[in-house]
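A.B. asks: The structure follows.
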Ligand code: CAA
C-alpha cells in the first residue's frame, strides 16, 4: 500500500522592517508604476544585520515544531543560496538552536532558488521509505543585488519551514514530477561576492523556457492537462514573473477555468508582493499565500513550478488535504506582516551597508530593535554569536 506523503505544517518568518516600492521608485528616478505594476512589487523586506538565514529559519521553524515533534525530526534539509559558511551547514546551526535530537541528519542544499524543492522531494522520498520519520525542510535566503541596480527592486528575504510527514495535514504530494537541468549563466554569485551577478532579461526568458519544458513533460508523463488543476503556484522572484508564467499556459484552459486560475494567482502573489524575493522560499511563500488568501478546498490539485537559476526547473503537484487550514498559524502570520515597521530609503541604504563585514574582525551588533526570538548578536573569534530570547 502506498503511503500519502507531503507537507504537514508550514511556518514563515520575515524580519520586522520593510521598504515601500513607490518610495524606492521615486528615489531612483523611476515611475512608481514600473515597480508596482511592471515588476509587481509593493513592499520589500529589509534584513537587519541581526538576522541571517539561520536565525530566520529558526524563527520560521519554531512556529511549526512542538517539544514532541522535535523528537521525531529525523533530518533537516536546509535549502539556501545565501549561506554563511562554505563548509559547515546552516542546518547544523539550526538543529542546535532548535534543540533537535542529536540523532538528526543536518545538511545544506544549494542550487540557487531550487534548493528547498530539492529538500522537499528528497524529504518526501525519505518519508516514503521511513513513514514514521518527520523531515524539516527549510528555504531561507537574503535576496541582495546591490543599490541602484536593476535587480534592487527584486530584493527581499525571509524563511519558510515545512514539516514533511506521512499522512500530511496540508498537501499530499503526487509521486510524479518533471525536472530539467541545463548549464546556463543567468544568475550566479562567485564566492568572492556578497551580491549576485545577473543577466536579468535573459534570466526571465530562461525561467519561462524551463516552465514550458517541464510543464509539457509533466503532461506527457501523467496524461493530465490544465483541466486537472485548480491553481498553479510559481517561484516568484517578483510577482510579474509568475504572472508571465501563468499567461503562457492560460490559453490551454476553458474560459471559466481561466477566471478561477487567475483568481488563485492573485491570492498566491499577495504575500510575495509585500515581502519580495525569498529565493529558495519564494515558491512556498506563494503556496502559503494561496492558502491564506485564496478560496481553496480540500481535494483540489495545485501545480508547483520551481526554478533555480543556473539552472534547474521542476514541475510537480499535490492534493490539498481536509485539515490544510490547521497546518499554519494564520494569527501569527498576519501579526508578523502587520507589525513590520516601514523604513525610509536612506534608512534602508544604511541597513544595507551595515551587514556583518566579510572579514575576520570581532563585531558586536546593536540588537536594540530586534524583537525576534532568534537573532544574531555579532561575531567573536570568527564564530557567529547566535542568541535566543
Ligand atoms: N508602468 C507600468 N509598467 C512599466 C512601467 C510603467 N511606468 N515602466 C516599465 N514597465 C514595465 C515594463 O514594460 C516591463 O514589463 P514586461 O516585463 O511585462 O515587459 C517591466 O515593467 C520591467 O521593466 P524593464 O524590463 O525595463 O525592467 P528592468 O530592465 O529594470 O529589469 C528585471 C527588470 C530584469 C526583472 C530586473 O529587475 C532584474 O534583473 N531582476 C533580478 C533577476 C530576476 O529576478 N530574474 C528572474 C528570473 S531568474 C529567477 O527567477 C531566480 C531568482 O530568483 C533570481
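A.B. asks: So which of 35, 13 ends up being crowded, with 24+ Cβ neighbours inside 10 Å, within 16 Å of the ligand (Cβ to nearest atom) and either within 25 Å of residue 289 (Cβ to Cβ) or free of Cβ contacts under 8 Å to residues at least 40 places away in the same chain (or both)?
C.D. replies: 35
A.B. asks: Can you name every one of the helices (runs of 4 or more DSSP H) wholly within region 173-276 that holds 1 or more residues which are without any contact (Cβ under 8 Å) to a residue 40 or more places away in the chain, more than 11 Å from the ligand (Cβ to nearest atom) and closer than 20 Å to residue 155 by Cβ?
C.D. replies: Those helices (runs of 4 or more DSSP H) span 255-275.
Yes/no matrix, rows are residues, columns are (1) away from the ligand (no atom under 12 Å from the Cβ); (2) surrounded by fewer than 24 Cβ atoms within 10 Å (Cβ to Cβ):
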{"site": "99", "(1), (2)": "yes, yes"}
{"site": "102", "(1), (2)": "yes, yes"}
{"site": "115", "(1), (2)": "no, no"}
{"site": "139", "(1), (2)": "no, no"}
{"site": "145", "(1), (2)": "no, yes"}
{"site": "158", "(1), (2)": "yes, no"}
{"site": "163", "(1), (2)": "yes, no"}
{"site": "168", "(1), (2)": "yes, no"}
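A.B. asks: Against the condition within 16 Å of the ligand (Cβ to nearest atom) and crowded, with 17+ Cβ neighbours inside 10 Å, how does residue 294 come out, does it pass?
C.D. replies: no
A.B. asks: Touching a residue at least 24 places away in the same chain (Cβ under 8 Å), crowded, with 20+ Cβ neighbours inside 10 Å, not assigned by TED's automatic domain parsing to the domain that holds residue 221 and not in a loop (DSSP other than H, G, I, E, B): is that true of residue 337 in this structure?
C.D. replies: Here the answer is no, as residue 337 does not meet what is asked.
A.B. asks: Now, a different point. Would you call residue 109 in contact with a helix residue (DSSP H, G or I) (Cβ under 7 Å, 6 or more places away or on another chain), farther than 16 Å from residue 278 by Cα and outside the structural domain of residue 241 (by TED's automatic domain parsing)?
C.D. replies: Against the criterion (in contact with a helix residue (DSSP H, G or I) (Cβ under 7 Å, 6 or more places away or on another chain), farther than 16 Å from residue 278 by Cα and outside the structural domain of residue 241 (by TED's automatic domain parsing)), residue 109 does not qualify.
A.B. asks: Moving on to the next point. I want to confirm something. Restricting to region 117-137 and keeping residues that are assigned to a helix (DSSP H, G or I) and surrounded by 24 or more Cβ atoms within 10 Å (Cβ to Cβ), which single residue is nearest to the ligand (Cβ to nearest atom)?
C.D. replies: 117
The values are calculated or read from the model by the stated rules, or taken from the named source; none is laboratory data. No experiment lies behind these values; they were computed from the predicted model shown. All Cβ positions, glycine included, derive from the backbone under ideal geometry; neighbour counts span all protein chains shown.
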